[in-house]
Amino acid sequence: MKQIRLLFLLAICFAALVNLHMASADSEPDVSMDPITQIGNRDFDLLSPGSGWVLLGTRLYWTDSSGEIWQDITPPGFSLLGPRAVAFLDSQQGWVVETEHDERHGFRYSLARTADGGENWQRWEIELFPVGDVASLAQSLSLFVLDSETGWLVVRHASSANFNEGTLFRTEDGGKTWERLHIPIGEPVFFLTRDVGWVAGGVNGTELYQTRDGGQTWIPERLPGMQNEHPRRCELPQFINAREGVLLAQSGKTLEFYSTKDGGLHWHLVATQVNGGDSVTSSPMPWVLSSSDQALVFTTRMRHQIRWDVFAGLSATVSNLDVPGNILALRMATADSGWAFYQNGFCAVDGMACRQDSGLLQTRDGGQSWIDLALPLPVEPRIVKVSPVPEQTHLVEEELVQPFVGHGFDICEIPSLATLQNWSTQSPYRTINLYIGGSSRGCGNAALTAEYLEQLSQQGWKFIPTWVGPQAACTSYGSRMSYDAAVAHAQGVQEAQAALTTAAILGLAHPDRSDALIYYDLEAYDTSNTPCREAAEAFIYGWSMQLQAHNNQAGLYGSSCASGLSYYTDLPHVPDVIWPAHWIYSSFNSEASVWGVACLSDTVWSNQQRIRQYAGDHQETWGGITLSIDSNVLDGRVSTIGTATQTYIVEPALHPAPGSTCGAPGEPATGWYPLPVYAGHQAYATLNATTAEQSTNSASWDLPLLPCRTLYAVEALIVNHPQIVWCEGQTLTGDTNYAQYLIQHAQGITEIALDQRPLADAWAWLGVYEFDPAVPGGVVLDTVTGELLGTTSISFSAIRFTPVTTCMTSTTTSHIYFTPTVVNADAHAPVTVTLMISNVVNLGAFDYLISFDPAVVTATQVTVGQFIGSTNRIVTPLGPIIDNVNGTVNFGAFSQGEALGPSGNGVLAYIRFQAQSSGETPLHFANHSTLDIEGALLPTTASDGHITVVACLGDFNADGQIDISDIQTIAGRWRIRHTDPLYETRFDLNGNGEIDISDIQTVASRWLVVCAVVNSSGMAPMP
């Protein structure tokens, strides 16, 4: 541990040097933007017939003549290069907010205000965030002005597509000062009055909140029938006066119109319309409520419109549109006059050239016809040349990780197969990110299955698997890593284990959990907070180490500056690939490059090891289908699909059975609360108990019919659910942080305390255990949490068992072996080799001398695996002694303590090599010693990178067969405990400290089994 902390201190010193040189050429942020002729869907507004404004690139224009004449009204001194927002209250009063990147202080914010239609502007800087606050890093800004003095500004935080968070500011003095408030999501707001307002959207677009105190507090808006139904994408409401308004939602493939006549206190479903497209679209629905009480809506297909006469008769008129693309944003000044932003994109048949068009349209007949709006500058189409992916002739067909040069996108909720089939041929993108799991995953992604990914692979897609677990300790995210560096390191290891299991289930890793590429999503945090940064470094160290130990590649996503990516270059286990987020464009750009990333030198991760996220959340239309995405350019590595790992899922048994009633007043409830179904699994919740005497409920999962005895990862499905209203009106706001799971496995019973608070539609990691189909086992959930009786809920659903090693053989011959046994080196690339042990009983110590070719690789580090200390014995490493002249490394470990040594399968050590030249070298055991906890040397042979323990389980007289002699031998030692002088570990087959009936039964069940025969090379068959 002292060595680990020393490494962290060295990393801190290195980080300080990096900060001192932030102004160097490698660290300068690229401030280039899209061509000036580009326009976005929030870059215009129409305030009266013919009068409105438009942002074109870095200039702001105004027209009073429906576009015949435009006036440049850009505020003097404003660059409008970064995130910006514009709002006009009327033809005279306007506000502009812009951001500028400051090397020392992050983002600075400035406001300009006009009272004469842009002829003159007042400008001042506005103090929104403290110096160094990572929340100041803006992905986008939105501004809502209610009157000349009152307005709200939303700063959406820069993040991956998995997150949607922001900060709300309110002004009541015309923008001179701003009060910082809370907002649940980083989306635009609408305010009906100074007090009443709404915000809608979120990661999946399904969140809707209302405030009644001007934005101080927000509560979820519950539309009629929203609970436990299809998720709804909700849009912001629109009003024709202070009391009458309409709100649009999409439920499945149905559009729903809700109306209110009391200022939004109550909503009523007044109309529905079946709509084509995906059941939940990933893009907002453009619509507007005109002053004539009609709602004009453009559906997800965007090529026809629906006009509802909402308050008078509820009649609907559907008409086809003759427009050049999908309409993504709509503004109507009257029932007849309006502007619309459109976009379209398509690719040539060969997919090597694509074109993207966008622009503004205007209507003067209520949307029946649309014509181009003349703009002050022509909006040129994007002509995109897509470079073909170079042939990778050296790739082995079974390799799941492959190099890739080209473009990709990421989106939180995976779209439908039909949508992605369209984009696979009609967009320039060929890779897609997959948020495969983690406690911080913001979208359910229930569609992500091995079968689904296989179909996407057939469409030609490559994948960027991403895990979203605990975030930095000093952030405000619900799931956070520990401040303690040692604990954070262990958390990183655990997250890697969980991610590998999920990857194997999806076919993104081989069944032995190798050859995977997984990126960890680490969001922005205060890197000047030393304990927080040290913990993050320790976490990523554990993440990378564990992935690389299984011959996988560890990736890391984060803000190039605010996630401190440069700090991870000196870790003992450096991430193999990185994915920096540094946004310099607003949408797809064929000229984007992985180089020139802010705060990151081009000399690191330079060998096809980079993805660069260059455009944050925005809408793009290709082939007539619009998605909200982030854009990426790749000169790095991606994943493909292999054979998925079989999983075994068990539904819970409830005790008492469902249907129980609430307890008497003052007593705990015995009932079960049904929760929403997720991914086909029913979920339940119950109240917690403080003590065992108060506990009335429990749930259990019997061991499923497993194929063999081996190690299995155990995970619990925790389903997202709303607030629970229990008996007698009791409302529970959240789950417990101390759910007690008892896992009964082949080695005994393990108790796990699970923090359920940050989990939502996620498989929670409970650990890896050995299970034997012949030995009873399973999982039990106890309601005793130690918290105050009935104050929290305990939710649960299915339990998943996933094999993480191959089945043990019938002879249970023990092996020690390298993975891989031959190191294939690529010049200048690091290689990690894992030393595994299988079928061992009561391991106490090992000491090995390994030889290799120093002309091909040199050894740099040896890390002892966790297996030898997994029974809580004290472990002392031996060495390593590295001799890169002669090509040897000597290492080992021994354990001490009262507990027994570990049994079964596990990792003995990780050996890190640095390639010196392209080629390969086998690994040999030049010397080897493997011992039990009594110091007895296990009889072994070594050949070709494998050690085989010659004797087999139960063959006490070593005659090559389990016979009556062996049964009599162990029966004569019945009830001898480990404290008895006659105790020998080789007879304690289950490692529980006593020769008991279980050990005798194990040997008896193997009667007449012939042990593995050693072949001429001195090696028995591998398990």
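The residue pairs whose first member lies in the stretch 330-345 and is under 16 Å from Asp64 (Cβ atoms), whose second member is among the polar types (S, T, N, Q) and open to solvent by 30 Å² or more (accessible area, probe 1.4 Å), and whose beta carbons are closer than 7 Å, counting only pairs six or more residues apart or on different chains, are Ala333/Ser48; Thr334/Ser291.
Scanning the stretch 194-210 for residues that are more than 14 Å from Ile411 (Cα to Cα) and either without any contact (Cβ under 8 Å) to a residue 24 or more places away in the chain or of a type in the set (Gly, Ala, Ser) (or both) gives Asp195, Gly197, Ala200, Gly201. For the stretch 613-622, the count of residues that are more than 29 Å from Ser424 (Cβ to Cβ) and part of a strand (DSSP E or B) is zero. Taken over the stretch 738-757, the criterion of being crowded, with 22+ Cβ neighbours inside 10 Å and under 25 Å from Pro722 (Cβ atoms) is satisfied by Ala739, Tyr741, Gln756.
For Ser91, the conditions (1) more than 11 Å from Gly52 (Cα to Cα); (2) modelled with pLDDT of 90 or more; (3) open to solvent by 40 Å² or more (accessible area, probe 1.4 Å) are fulfilled apart from (1). Against the condition touching a helix residue (DSSP H, G or I) at 6+ places or on another chain (Cβ under 9 Å) and in a loop (DSSP other than H, G, I, E, B), how does Ile414 come out, does it pass? Yes, satisfied.
Residues checked against (1) in a loop (DSSP other than H, G, I, E, B); (2) in contact (Cβ under 8 Å) with a residue 60 or more places away in the chain; (3) of a type outside the set (D, E, K, R):
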{"position": "Ala562", "(1), (2), (3)": "yes, yes, yes"}
{"position": "Ser566", "(1), (2), (3)": "no, yes, yes"}
{"position": "Pro572", "(1), (2), (3)": "yes, yes, yes"}
{"position": "Pro575", "(1), (2), (3)": "yes, no, yes"}
{"position": "Pro580", "(1), (2), (3)": "no, no, yes"}
{"position": "Ile584", "(1), (2), (3)": "yes, yes, yes"}
{"position": "Asn589", "(1), (2), (3)": "yes, yes, yes"}
{"position": "Asp602", "(1), (2), (3)": "yes, yes, no"}
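Selection over the stretch 690-741 of residues that are under 30 Å from Val775 (Cβ atoms), touching a residue at least 60 places away in the same chain (Cβ under 8 Å) and of a type outside the set (Val, Ile, Thr) gives a count of 21. Considering only the stretch 195-206, state which residues are outside any loop (DSSP other than H, G, I, E, B) and either small (Gly, Ala, Ser) or at pLDDT below 90 (or both). Gly197, Ala200, Gly201, listed by residue number. Thr466 - would you say it is open to solvent by 10 Å² or more (accessible area, probe 1.4 Å) and under 19 Å from the mean Cα position of the chain (by Cα)? For Thr466, the condition - open to solvent by 10 Å² or more (accessible area, probe 1.4 Å) and under 19 Å from the mean Cα position of the chain (by Cα) - is not met.
For the stretch 445-456, the criterion of being open to solvent by less than 10 Å² (accessible area, probe 1.4 Å), closer than 21 Å to Leu500 by Cβ and either more than 18 Å from the chain's Cα centre (by Cα) or basic (Lys, Arg) (or both) is met by at least one residue. Summed over the stretch 42-83, the residues that are open to solvent by less than 50 Å² (accessible area, probe 1.4 Å), under 26 Å from Tyr585 (Cα atoms), out of contact with any Pro (no Cβ under 7 Å at 6 or more places or on another chain) and not small (Gly, Ala, Ser) give a count of 16. Of all residues in the stretch 142-160, those that are within 21 Å of Tyr557 (Cβ to Cβ) and part of a loop (DSSP other than H, G, I, E, B) have Cβ atoms under 9 Å from Cβ atoms of residues that are hydroxyl-bearing (Ser, Thr, Tyr) and at pLDDT 95 or above, 6 or more apart or on another chain, in Ser160/Tyr435; Ser160/Thr466; Ser160/Tyr557.
Residues considered: Phe894, Phe846. Of these, the only one that is open to solvent by 20 Å² or more (accessible area, probe 1.4 Å), assigned to a strand (DSSP E or B) and of a type in the set (Phe, Trp, Tyr) is Phe894.
With respect to the conditions (1) at pLDDT below 90; (2) in contact with a Phe, Trp or Tyr (Cβ under 6 Å, 6 or more places away or on another chain); (3) in a strand (DSSP E or B), Val323 lacks only one, and its number is (3). Note on the stretch 188-219: residues that are open to solvent by 10 Å² or more (accessible area, probe 1.4 Å), of a type in the set (Phe, Trp, Tyr) and closer than 24 Å to Val86 by Cβ amount to 1. The condition of being open to solvent by 10 Å² or more (accessible area, probe 1.4 Å), over 30 Å from Pro803 (Cα atoms) and outside any strand (DSSP E or B) holds for only one of Gly596, Gly642, that being Gly596.
Residue count for the stretch 575-593 satisfying the condition of being in contact with a Ser or Thr (Cβ under 9 Å, 6 or more places away or on another chain), surrounded by fewer than 21 Cβ atoms within 10 Å (Cβ to Cβ) and modelled with pLDDT of 90 or more: 2. Residues in the stretch 968-999 that are open to solvent by less than 30 Å² (accessible area, probe 1.4 Å), farther than 16 Å from Gln747 by Cα and at pLDDT below 80: Tyr983 alone. Selection within the stretch 256-314: residues that are among the polar types (S, T, N, Q), modelled with pLDDT of 70 or more and part of a loop (DSSP other than H, G, I, E, B). The member of this set that is farthest from the chain's Cα centre (by Cα) is Ser290. Within the stretch 379-389, is even one residue among the hydrophobic types (A, V, I, L, M, F, W, C), modelled with pLDDT under 95 and not in a loop (DSSP other than H, G, I, E, B)? Taking every residue of the stretch 379-389 in turn, at least one turns out to be among the hydrophobic types (A, V, I, L, M, F, W, C), modelled with pLDDT under 95 and not in a loop (DSSP other than H, G, I, E, B).
Check the stretch 757-776 and report whether any residue there is outside any loop (DSSP other than H, G, I, E, B) and free of Cβ contacts under 8 Å to residues at least 40 places away in the same chain. Checked against the condition, which is being outside any loop (DSSP other than H, G, I, E, B) and free of Cβ contacts under 8 Å to residues at least 40 places away in the same chain, the stretch 757-776 yields no hits at all. Among the residues of the stretch 868-887, which ones are hydrophobic (A, V, I, L, M, F, W, C) and surrounded by fewer than 21 Cβ atoms within 10 Å (Cβ to Cβ)? Listed by number, the residues that qualify are Ile874, Val875, Leu878, Ile881, Ile882, Val885.
For the stretch 559-590, residues that are more than 19 Å from Tyr525 (Cβ to Cβ) and touching a Gly at 6+ places or on another chain (Cβ under 9 Å) total 7. The residue list Arg108, Arg123 contains one member that is in a strand (DSSP E or B), surrounded by fewer than 21 Cβ atoms within 10 Å (Cβ to Cβ), of a type in the set (Lys, Arg) and modelled with pLDDT under 90, which is Arg108. When we screen Leu732, Leu781 for residues that are over 23 Å from the mean Cα position of the chain (by Cα) and at pLDDT 85 or above, the only hit is Leu781. So, Leu703, is that one farther than 25 Å from Ser838 by Cβ and either surrounded by fewer than 18 Cβ atoms within 10 Å (Cβ to Cβ) or out of contact with any Leu (no Cβ under 8 Å at 6 or more places or on another chain) (or both) or not? No; evaluated as a whole, the condition is false for this residue. Of all residues in the stretch 165-187, which are open to solvent by 10 Å² or more (accessible area, probe 1.4 Å) and outside any strand (DSSP E or B)? Within the stretch 165-187, Glu165, Glu172, Asp173, Lys176, Thr177, Trp178, His182, Pro184, Glu187 meet the criteria.
The values are calculated or read from the model by the stated rules, or taken from the named source; none is laboratory data. These numbers come from a predicted model, not from an experiment. As a convention, Cβ positions derive from the backbone with ideal geometry for all residues, glycine included, and neighbour counts pool all protein chains shown. Heads up: the accessible areas ignore ligands, DNA and RNA and are worked out on the full protein's heavy atoms, side chains in. Shrake-Rupley method; radii C 1.70, N 1.55, O 1.52, S 1.80 Å.
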